[in-house]
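Q: I'd like to ask some things about the structure below.
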Amino acid sequence: MKSYLIIRAIFIITTVFISSCYMASDIYKLSTFDEQTEYLMGREIISKEIDSIVVSVNFEEQLDNDFTFLISIENNSEHPIFVEPNRIFVETFDNNLIRLQPQWDTMYAIDPEMKIVEISQQCKNRESEYKTSTNINAVFGLLSIISDAALSSREKVVENLINDIDYFATKQIIENENYNARKAELLDTKNFWQNEVIRKTDLYPSERISGKCFIPLVNEAGFLKLHILIEDKDFIYTFKQIRLTARS
């Protein structure tokens, strides 16, 4: 039992260390340079209209290694339009407005459909892990009981039996709690990507949609140009990337 606790502690410490290595080194905010800016509850909202299509954007926050934008699209034209998240991207520039190197000069919005598939796969993987862990606990619990019964004196059999049952029952309770918590977390995340993020949409006249959009950040960027392409129209929003503080 002691060796199990030691291995578990080492695993937790290693996981925390590795996770910290992959965190973005800095925290940023984006400030707009567009003239069509309005303020609402501290947010800078930029609205632009082309051929009766109105697209409003505001930078929400940095989440880990992504910038989050809230995008609203209103179709005031006389024909339907098609909104596609894969036509939303950012061009990155340095502080002298020179494009960054090719591997960093264009960052596309995270595809919500791929994200939903990824989360569904994570749910299946966690369920398989749970079933495997439950079976292993049952097998090793039974083997431990048989072993203790064979090797212990008659006086110790009952005591060891109680200890074995308590130990493996506790392990299973912990695994059940971890499984239920992780499953709930994944389902909440999946629901978010299904309902709170801009997805492929046929937008008919007089209709309006809004949702979030996640775009990977580039630490070296000084300026960003956010492009939202709707049919043959290119809505462009310029932001200054401002470093606030380094993560501790």
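Each reported figure results from applying straightforward, stated rules to the coordinates on display, with no laboratory input. These figures come from a predicted structure and were not determined experimentally. Here the Cβ is made from the backbone with ideal geometry for all residues, glycine too, and neighbour counts use every protein chain on show.
Q: May I ask you to order 83-94, 101-112 by the average number of other C-beta atoms within 10 Å around their residues, highest value first? Don't skip to the answer; put the middle values down first.
A: Details: 83-94: 18.5, 101-112: 15.3.
Taking the mean over residues of other Cβ atoms within 10 Å, the ranking is 83-94, 101-112.
Q: Sticking with this structure for a sec: Could you sort 198-210, 53-65 so that the peptide with the highest average Cβ count within 10 Å comes first and the rest follow in order?
A: Working: 198-210: 13.8, 53-65: 17.1.
For the peptides 198-210, 53-65, the packing ranking is 53-65, 198-210.
Q: Right, next: With the crude spin-label approximation of a point 7 Å out along Cα→Cβ, what separation in nm comes out for ASP188 versus TYR108?
A: 3.1
Q: If I model a spin label as a point 7 Å beyond the Cα along the Cα-Cβ vector, how far apart are those points for ASP34 and ASP94 in nm?
A: If labels sit at ASP34 and ASP94, their model points lie 2.8 nm apart.
Q: Right, here's the next one. Mind giving me the FRET efficiency for ASN176 and VAL117? R0 is 35 Å, r the Cβ-Cβ distance, nearest 0.05 is fine. Provide the component values of the computation, followed by the final result.
A: Numbers: r = 27 Å, r/R0 = 0.77.
The calculated FRET efficiency here is 0.85.
Q: Return the long-range amide H neighbours of GLU60 (sequence gap of 5 or more, or a different chain), with a cut-off of under 5 Å between placed amide H atoms.
A: Under 5 Å from the amide H of GLU60 lie the amide H atoms of THR68, PHE69, LEU70, each far enough along the sequence or on another chain.
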